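Notes to accompany the following structure.
The values are calculated or read from the model by the stated rules, or taken from the named source; none is laboratory data. Since the structure is predicted, the reported quantities are computational estimates derived from the model, not experimental observations. Methodologically, a virtual Cβ is constructed for each residue, glycine included, from the backbone with ideal geometry; neighbour enumeration extends over all protein chains shown. Only protein heavy atoms, including side chains, enter the accessible area calculation; ligands, DNA and RNA are left aside. Shrake-Rupley method; radii C 1.70, N 1.55, O 1.52, S 1.80 Å.
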Amino acid sequence: ELKEIVFVIQSQSNSFHLKRAEDLKRDILKQAVDLGKELPTVLLIHQIDRHEGAWTILPLMRDFSLTYGRNSSWIFFCEEDTRVQVVKLLETLRRFDKSKEWFLGKALYDEESTIIHHYAFAENPTVFKFPDFAAGWALSIPLVNKLAKKLKSEPLKSDFTIDLKHEIALYIWQKGEGPHLTPVPEFCTDDVNSYQADHCATTFSNFLPLCGEPVNKEDVFVAVKTCRKFHGDRIPVVKQTWEREAALIEYYSDYADISIPTIDLGVPNTDRGHCGKTFAILERFLNHTSPRTPWLVVVDDDTLISIFRLRKLLSCYDPNEPVFLGERYGYGLGTGGYSYITGGGGMVFSRTAVQKLLASKCRCYSTDAPDDMVLGMCFSGLGIPITHSPLFHQARPMDYPKDYLSHQIPVSFHKHWNIDPVKVYFTWLAPNTEESHNGKKVGYNREDL
C-alpha cells in the first residue's frame, strides 16, 4: 500500500532548493489524494536536523528503523528534481518481496577505476553497481533494520564523504555479505516529456536550472588561484577557453607577471592547502571590488568552467542570502563534522556570504590549511548551510559514469591530468556545445573524453 512507503526527498535549506523539494512533496501527496489512497509519509532530509550529516543518509538509518520499522515496507529516496509517477512506483515495488532485503535503483558503474572512488574494483570496475540518485532508489525495511543494527554496533568509519551514491552502495554491499544493487528499469532519468518515459515510475526534470534571465556578466567576479610555476602551462589554457566568458576576472599568484597579468597577494605559495591565499582573495573581493557585484567565483588554474552556464544557474539564487555553492563533500559527518564545497570544481559565494564570513573571526589555522575545508568549518560554525549542485565536478569527465553525465549540463570539471583540457572544454563546456530550445535538452556533440 502507498501508506507503507516513506518518501525521503534529498532536500536542501537554501530557498530555491527548498521550494523545489516542497513542490515535489505536494505533487506526491496530491497524486495520493487523487488515487483515494491513505497518504504516505514524505520527509525533507534537511529538516531532519539532528544530524549535520543528514544528507549522507546512513546516519539516519537508526531513526528510520525506530520510527518506520514496523508499519512501513519501503524507504524511497529521490532528489528534488526527480518526478514520481506514484501508481507506477507502487506497481514496480510490488514485484519485490517486501520481507526480504532489497536495494533497488538505476545502476551506474565505473568504466575505469577512478580517483573519486579511491580506485575501487581496479581489476574490473564495471562489476560494482551504485544508484543514480536522480532516478530515485529504494531500500526495503528489512534492509533498513539490518543497517540500523550494524550502525549501532559499528559506527561509520570513513572520515570523508566524496561520492555519496558509491559510498552508500559499498556500505550496503558489506564486502559481498550484503545485497548488491538490483537494477530497476522503471527508475529512469529520461526527461519527463520524452516518449521513452512511458514505462517509467520516475523521470528527471532538470538538466540546468534557469529561473529567469541569466545574471549579468558584470555580476560575477572570477578569481583564479595560480602560482608562478603554472603561469606557462595552465594559464594559457584558461585564456584559450573560458576567460572570454568572464567580464571581471583576476589571476592571483605569488608573483606579479604583467603579461598575464597576475596579482601578487603577498601570500607565499604553499604546496597544498592555500587557505591564506583564499582568505586574501575574499578580503580583496569585499574591499576592492564594486559593492554592486553580488557573486564571487574562486577557481583553480586547472579548473575548466562555463561562466555562461553559471550565470544561468545563478539566476535561481538570491544574492541577499548567504550562498556558498558548489560540489559538496563531507568530513567526519558520522561524528559531528562538517560539509564543505570542494575547491577544484569552483566555489561560488554571494557577497552576503563573504561579508558574514569575514565579520566572524573564523580564519585559517595555518597558511597552508586546506582552504575548502576551513571554509566549510567556518560556515558550519556560523550556521550557514552550504548549497550543493551536482553540476560542479572536482574531477575530469572520464572519472564519472557516462550515464550520470547524460542528464546534466555541467558547469565545471577539474584537472588537466592525462587529457587535452582545451578539447575537454570545447566538447563539454563551451556555450555552442549546448543551448537548449524551449527548456528541452539538446544532444551534445561529445567525444568519449
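Note on the range 52-75: residues that are within 27 Å of Pro385 (Cα to Cα) and of a type in the set (Phe, Trp, Tyr) total 2.
In the set (1) of a type in the set (Gly, Ala, Ser); (2) surrounded by fewer than 17 Cβ atoms within 10 Å (Cβ to Cβ); (3) under 20 Å from Thr335 (Cβ atoms), Ala54 fails one condition alone, (2).
So if I check each of Thr335, Thr352, which one is modelled with pLDDT of 95 or more and on the phi < 0 side of the Ramachandran plot?
Checking each option against the conditions leaves just Thr352.
Within the range 48-59, restricting attention to residues that are touching a helix residue (DSSP H, G or I) at 6+ places or on another chain (Cβ under 8 Å) and in a loop (DSSP other than H, G, I, E, B), which residue is modelled with the highest pLDDT?
Initially, the range 48-59 is screened for residues touching a helix residue (DSSP H, G or I) at 6+ places or on another chain (Cβ under 8 Å), giving 48, 50-59.
Among the residues that remain, those that are also in a loop (DSSP other than H, G, I, E, B) are: 48, 50-53, 57.
On the way: Ile48: 89, Arg50: 66, His51: 65, Glu52: 75, Gly53: 87, Ile57: 94.
That would be Ile57.
Hey, can you tell me all the residues within the range 172-210 that are of a type in the set (Ser, Thr, Tyr) and at pLDDT 90 or above?
Result: Thr182, Thr189, Thr202, Thr203.
Answer with yes or no whether Glu1 is over 25 Å from Pro155 (Cα atoms), over 28 Å from the mean Cα position of the chain (by Cα) and at pLDDT below 95. Yes, satisfied. Against the criterion of being of a type in the set (Phe, Trp, Tyr), in the same structural domain as Ser306 (by the TED database), over 27 Å from Leu358 (Cα atoms) and within 17 Å of the chain's Cα centre (by Cα), Tyr425 does not qualify. Please work out if Thr367 is of a type in the set (Val, Ile, Thr), assigned by the TED database to the domain that holds Ile249, buried (at least 16 other Cβ atoms within 10 Å of the Cβ) and touching an Asp or Glu at 6+ places or on another chain (Cβ under 7 Å). Criteria not met by Thr367.
With a requirement of 1 or more residues that are polar (S, T, N, Q), the strands (runs of 3 or more DSSP E) lying completely within the range 292-390 that satisfy it span 303-305, 338-341, 347-350. All of (1) free of Cβ contacts under 8 Å to residues at least 40 places away in the same chain; (2) touching an Asp or Glu at 6+ places or on another chain (Cβ under 8 Å) hold for Asn320 with one exception: (2). For the range 8-47, name all the residues that are surrounded by 15 or more Cβ atoms within 10 Å (Cβ to Cβ), modelled with pLDDT of 95 or more and of a type in the set (D, E, K, R). Scanning the range 8-47 gives Arg20, Glu22, Lys25.
Among the residues of the range 285-322, just one is of a type in the set (Ser, Thr, Tyr) and open to solvent by 40 Å² or more (accessible area, probe 1.4 Å), namely Ser290. Of the numbered criteria (1) at pLDDT 95 or above; (2) assigned to a loop (DSSP other than H, G, I, E, B); (3) surrounded by fewer than 21 Cβ atoms within 10 Å (Cβ to Cβ), the one Thr427 fails is (2).
Considering the range 333-353, the residues that are β-branched (Val, Ile, Thr) and crowded, with 20+ Cβ neighbours inside 10 Å include one that is farthest from Lys415 (Cα to Cα), namely Val348.
Return yes when Asp23 is assigned by the TED database to the domain that holds Glu80, charged (D, E, K, R), part of a helix (DSSP H, G or I) and more than 24 Å from Arg94 (Cβ to Cβ) and no when it is not. In short, yes.
Each residue in the range 120-142 was checked for being part of a helix (DSSP H, G or I) and crowded, with 22+ Cβ neighbours inside 10 Å, and 4 of them qualify. Within the span defined as the range 122-130, every residue fails to be of a type in the set (A, V, I, L, M) and either touching a residue at least 24 places away in the same chain (Cβ under 8 Å) or outside the structural domain of Glu186 (by the TED database) (or both).
So, Ala148, is that one small (Gly, Ala, Ser), modelled with pLDDT of 95 or more and under 24 Å from the mean Cα position of the chain (by Cα) or not?
Answer is no for this residue.
The condition of being in the same structural domain as Val86 (by the TED database) and either open to solvent by less than 10 Å² (accessible area, probe 1.4 Å) or without any contact (Cβ under 8 Å) to a residue 12 or more places away in the chain (or both) holds for only one of Ile172, Ile162, that being Ile172. Checking each residue in the range 29-44 for being on the phi < 0 side of the Ramachandran plot and either in a loop (DSSP other than H, G, I, E, B) or touching a Phe, Trp or Tyr at 6+ places or on another chain (Cβ under 6 Å) (or both) picks out Leu35, Lys37, Glu38, Leu39, Pro40, Val42. Taking the stated definitions as given, is Ile5 under 21 Å from Ala135 (Cβ atoms), touching a residue at least 60 places away in the same chain (Cβ under 8 Å), buried (at least 18 other Cβ atoms within 10 Å of the Cβ) and among the aliphatic types (A, V, I, L, M)? In short, yes.
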